[in-house]
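A quick write-up on the structure given underneath.
The values are calculated or read from the model by the stated rules, or taken from the named source; none is laboratory data. Here the structure is a predicted model, which means the values were calculated and not measured. Here the Cβ positions follow ideal geometry from the backbone for every residue, glycine too, while neighbour counts run over all protein chains shown.
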Amino acid sequence: MLETFAALLLAHVLADYVLQTRWIVVSKRGPGFAVHIGLVFVTALLCLGQVSLPVLVVTAAHLAIDATKTLLMPSRLWSYLADQALHLMSIATVAALFPEAWALGVWADMAPAWIPAAIAGLAGLIFATRAGQFAIDYLVGGKAGEASSGQGAQTGLVERALVFISVTVGQPWWAGALLAAKAAWIGLSGARRPAALGRIATGTLASFGWAFATGLATAAIVTRLAAASLGGP
């Protein structure tokens, strides 16, 4: 089941955060929606290595969730979090209903046993960095893209990647050291820009928290998949 979940999660983050262009986002009420759902189908097909009912079900679920968000929900932090929670729930449900989907795909026989763990790690890294950026934008800017500009956005992405990696490799104290260094920097910059101090501190804490939580969840999945690849329980 976890192999299927990891493959579908990678497909999801690729479709939502790697392959989804600005044009797709701004034309979600038009042709961009069809293109996006097409990408969801293709990424699920490629990641599972088969054209099958699980691919169709996860694509249909993604379509229903995105249509609801686009047509009925405002562009706010709570709606973004609800949207992603529903996507994760739908992926988990499909994985529970079709636990052997990965094993029945072409990659299961071709790829080394450690590949599912690597897939889970990559999916988690993308979710920690790219999905986290949208959440932070909503939190400190009010809408996606509001705070995603310039050096600050790139710094946040690197910070979340480092925090995520530190947690997944079992060295969370690295994240603590990074947070302490960032706090010192915020203190210095706050003296120069006191009006922005609250926004920077809030964004930093939320960014680190997002990456830390994603790292913990990913580490748990990777550990289970790695044990299974070695013949463990």
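Assorted remarks:
- Just one of the listed residues (54, 99) is not in a helix (DSSP H, G or I) and not hydroxyl-bearing (Ser, Thr, Tyr), namely 99.
- A search for C-beta distances below 8 Å between a residue of the range 11-22 that is surrounded by fewer than 16 Cβ atoms within 10 Å (Cβ to Cβ) and any residue that is acidic (Asp, Glu) and part of a helix (DSSP H, G or I), counting only pairs 6+ apart in sequence or on different chains, returns nothing.
- One residue stands out in the range 85-110 among those that are surrounded by fewer than 19 Cβ atoms within 10 Å (Cβ to Cβ) and not aliphatic (A, V, I, L, M): the one that is farthest from residue 17 (Cα to Cα), namely 109.
- Given (1) among the charged types (D, E, K, R); (2) in contact with a Ser or Thr (Cβ under 9 Å, 6 or more places away or on another chain); (3) closer than 13 Å to residue 123 by Cα, number of the condition residue 28 does not satisfy: (3)
- Residue list for the range 171-199, filter: over 20 Å from the mean Cα position of the chain (by Cα), modelled with pLDDT of 70 or more and surrounded by 11 or more Cβ atoms within 10 Å (Cβ to Cβ): 171, 174, 176, 177, 178, 179, 181, 182, 183, 198, 199
- Residue count for the range 1-38, restricted to those that are under 16 Å from the mean Cα position of the chain (by Cα) and in a helix (DSSP H, G or I): 14
- All of 97, 104, 77 fail the test of being touching a residue at least 24 places away in the same chain (Cβ under 8 Å) and within 18 Å of the chain's Cα centre (by Cα), apart from 77.
- Among the residues making up the range 202-225, those that are without any contact (Cβ under 8 Å) to a residue 40 or more places away in the chain and hydrophobic (A, V, I, L, M, F, W, C) are 205, 213, 220.
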